[in-house]
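One structure is given here, and the rest of the page talks about it.
The values are calculated or read from the model by the stated rules, or taken from the named source; none is laboratory data. Computed from a predicted model, the values in this text were never measured in an experiment. Every residue, glycine as well, gets a Cβ built from its backbone with ideal geometry; the counts of neighbours run over all protein chains shown. Note: accessible area is taken over every heavy atom of the protein model, side chains too, but ligands, DNA and RNA are not part of it. Shrake-Rupley method; radii C 1.70, N 1.55, O 1.52, S 1.80 Å.
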Amino acid sequence: MRKPIENVKVFAQRRAKIAEEISGKALIIAAHPEQIRNHDVGFAYRQDSNMYYLTGFEEPESFLVFRPGLKPETVMFVRRRDPDRETWDGYRYGPEGVEKEFGVDKAYPIEDFAKVAPTLLKDVDGIYYRLLKNKEADAMVLSVLEKLRLSQGRTGYGLLSIHDADTLLGEHRLVKSEYELTHLREACEISAQAHLAAMKFTRPGVSERQVQAVLAHHFLMKGSAREGYNYIVATGNNATTLHYNFNDQTCKDGQLLLIDAGAEYNYFTGDITRTFPVNGKFTDEQAEVYEGVLKVQKEIIAMIKPGVVFKNFHDTATSLLTDLMLELGLLTGRKADIIEANHHRRYYPHGVGHWLGMDVHDAGLYYKKGEPRTIESNMCFTVEPGLYIPEHDDMAPANYRGIGIRIEDNIRVTDSGCEVMTSSAPKEIAELEKVIGQA
Ligand code: GLY
Ligand code: MN
Ligand code: MN
């Protein structure tokens with residue numbers, strides 16, 4: 001039997017927190033769809049973050065219907081027990097097991113969704129549901145809404161109105177509780193230690209894939225269930241591809257290695273990038289660009305405290321990195337004109353950070369009613385400036401071509417500043433040069 005990995009009270013408390021906000025309406029969450037290859041072989045399954053956030057339930061083909069104030073309030077639809085399928089795929093709770101172990105008021109077999117869900121929605125005046133995330137679930141939900149409409153005869157009413165569930169839940173997920181922070185910190189620490197292990201392992205001749213293996217080994221050995229996103233292990237010019245993930249080249253003497261990797265721990269993920277020389281010693285040009293990017297990263301981190309507008313970090317990073325591009329001779333002209341024309345994006349084509357939590361690009365609005373958002377205590381995000389100079393860029397001075405650098409840390413906003421949750425991964429040049437290749 002596969003026990004819920006956390007105390008189910010946590011999930012009930014989260015539901016209670018949103019109950020008032022959606023009063024009179026129902027919230028419907030669908031499980032993440034299963035990925036099957038060739039109609040036969042499954043992939044490792046990860047539950048939809050919102051489904052996990054509110055139930056802790058990790059099986060596919062399930063729904064949560066939450067109706068604050070009504071009875072039953074928390075209803076789930078789940079796969080029946082099936083000894084034959086369980087022989088192949090493992091334990092299922094079934095409706096009885098879910099009622100017993102997950103603290104829900106009522107659970108039905110998923111086959112009953114079409115019949116039972118319309119009765120559950122009779123007494124609400126709208127639903128929260130995220131459309132277009134799971135096509136099969138959409139078809140089931142829309143057919144339930146149509147059935148409900150038809151059951152009301154010729155009243156003139158249309159379908160229940162649909163509000164976006166992910167926007168609603170994103171606002172709750174954005175500010176982390178103490179309990180959630182213990183998981184996120186653990187994810188960050190496992191990730192940081194894995195980066196350190198990868199640094200120690202790296203030397204000329206190792207492959208990107210072997211470095212990935214060191215990271216994966218460390219993640220799994222420390223209790224992480226999986227990586228939070230595709231491993232990016234990019235040597236030399238590969239680092240100028242932002243989300244490079246072929247990871248099939250050899251790390252060569254004289255190149256930099258960029259690693260962007262994060263472990264997931266109890267559904268929270270780290271997201272760290274470090275860049276360092278394969279042979280353990282920065283060249284003058286590599287050090288020059290690296291120090292420039294590191295200085296920008298530190299300046300952004302120094303700005304963080306409650307009340308600061310998140311967009312300021314982007315704007316400041318753009319401004320400081322454009323200064324760096326001018327210093328290095330990558331661009332010429334007036335800074336304001338360069339930024340206005342987006343020319344800086346030639347070497348820095350992404351933003352400086354994003355919310356971090358259960359998903360690597362976590363839920364939560366960046367703008368509210370058109371206004372850029374102000375950060376608050378216990379929001380968590382990344383700070384990840386970078387500079388990428390492709391080897392075939394004939395506008396760039398030749399000695400900088402093929403250098404791609406990103407430095408990414410994970411931040412929690414405190415009452416007066418911030419906590420860097422990934423500080424165990426070295427990023428100072430002297431620290432890096434001490435550990436690279438020392439395994
Ligand atoms: N690892 C993806 C990102 O940094 O956004
Ligand atoms: Mn990131
Ligand atoms: Mn990253």
Exercise for the section: Report the percentage of all Cα-Cα pairs in the chain whose separation exceeds 34 Å, rounded to a whole percent. Expected result: 41
Fill in the blank from the handout: Counting only DSSP loop positions in the range 52-111, the chymotrypsin sites (Phe, Trp or Tyr not before Pro) whose Cβ has at most 12 other Cβ atoms within 10 Å are 91
Completion exercise
For the range 153-168, in residue order, the Karplus 3J(HN,Hα) values (coefficients 6.51, -1.76, 1.60; θ = phi - 60°; whole Hz; Gly and Pro = x) are x, 8, 9, x, 6, x, 5, 4, 6, 10, 9, 7, 6, 6, 5, 4
Practice task
Grab the alpha carbons of the range 79-119, take their convex hull, and tell me the volume per residue in Å³.
Solution key: 67
Exercise for the section: Hey, can you grab everything whose amide H is under 5 Å from the amide H of residue 163? Only 5+ residues off in sequence or another chain; H modelled, so Pro and N-termini drop out. Expected result: 127, 128, 129
Practice task
Would you mind checking which residues have amide H under 5 Å from residue 422's amide H? H placed 1.01 Å from N; only 5 or more apart, or other chain.
Solution key: 410
Practice task
Kindly write out, for the range 20-30 in residue order, the coupling ³J(HN,Hα) from the Karplus curve 6.51 cos²θ - 1.76 cosθ + 1.60 (θ = phi - 60°), rounded to whole Hz, with x marking Gly and Pro.
Solution key: 5, 5, 10, 3, x, 10, 10, 10, 10, 10, 9
Exercise for the section: First compute the accessible area of the range 1-128 with a 1.4 Å probe, then give the percent of it belonging to carbon and sulfur atoms. Expected result: 48
Fill in the blank from the handout: Ordered by number, the chymotrypsin sites (Phe, Trp or Tyr not before Pro) in the range 142-237 that occupy a DSSP loop and have at most 11 other Cβ atoms within 10 Å are 157
Problem - Radius, Kirkwood style, for the range 109-163 when every pair of distinct Cα atoms is counted (Å) - result: 11.7
Completion exercise
Calc'd 3J(HN,Hα), the range 372-382, phi into Karplus 6.51 cos²θ - 1.76 cosθ + 1.60 (θ = phi - 60°), Hz, glycine/Pro = x, comes to x, 7, 9, 7, 10, 3, 6, 7, 10, 7, 9
Handout entry: Those trypsin sites (Lys or Arg not before Pro) in the range 318-403 that DSSP places in a loop and that have at most 12 other beta carbons within 10 Å
Key = 334, 369
Handout entry: Reachable aspartates and glutamates from residue 133, criterion Cα separation under 20 angstrom, eight or more residues apart if same chain
Key = 34, 48, 58, 59, 61, 146, 164, 166, 171, 359, 362
Fill in the blank from the handout: Mean separation of Cα contacts under 8 Å (at least 6 apart) over the residue count of the chain, i.e. the relative contact order in percent, is 14
Handout entry: Spatially proximal lysines relative to residue 281 (Cα-Cα < 21 Å; intrachain offsets below 8 disregarded)
Key = 200, 252, 295, 427, 434
Practice task
Keeping the other protein chains in place, figure out the carbon and sulfur percent of the accessible area of the range 385-438, with a 1.4 Å probe.
Solution key: 46
Fill in the blank from the handout: Taking a probe of 1.4 Å and leaving out DNA, RNA and ligands, the range 275-412 shows per residue an accessible area in Å² of 41
Exercise for the section: Could you tell me what fraction of 2.2 N^0.38 Å the Cα radius of gyration of the range 38-185 comes to, as a two-decimal ratio? Expected result: 1.15
Handout entry: Heavy-atom accessible area per residue - the range 1-143, 1.4 Å, Å²
Key = 53
Fill in the blank from the handout: Here the Cα Rg-to-2.2 N^0.38 Å ratio for the range 103-238 is 1.66
Completion exercise
Here the FRET efficiency for residue 366 versus residue 161, based on Cβ atoms and R0 = 25 Å and rounded to 0.05, is 0.50
Problem - Stokes-Einstein D in µm²/s, Kirkwood radius over Cα pairs - the range 186-336 at 10 °C with 1.306 mPa s viscosity - result: 95
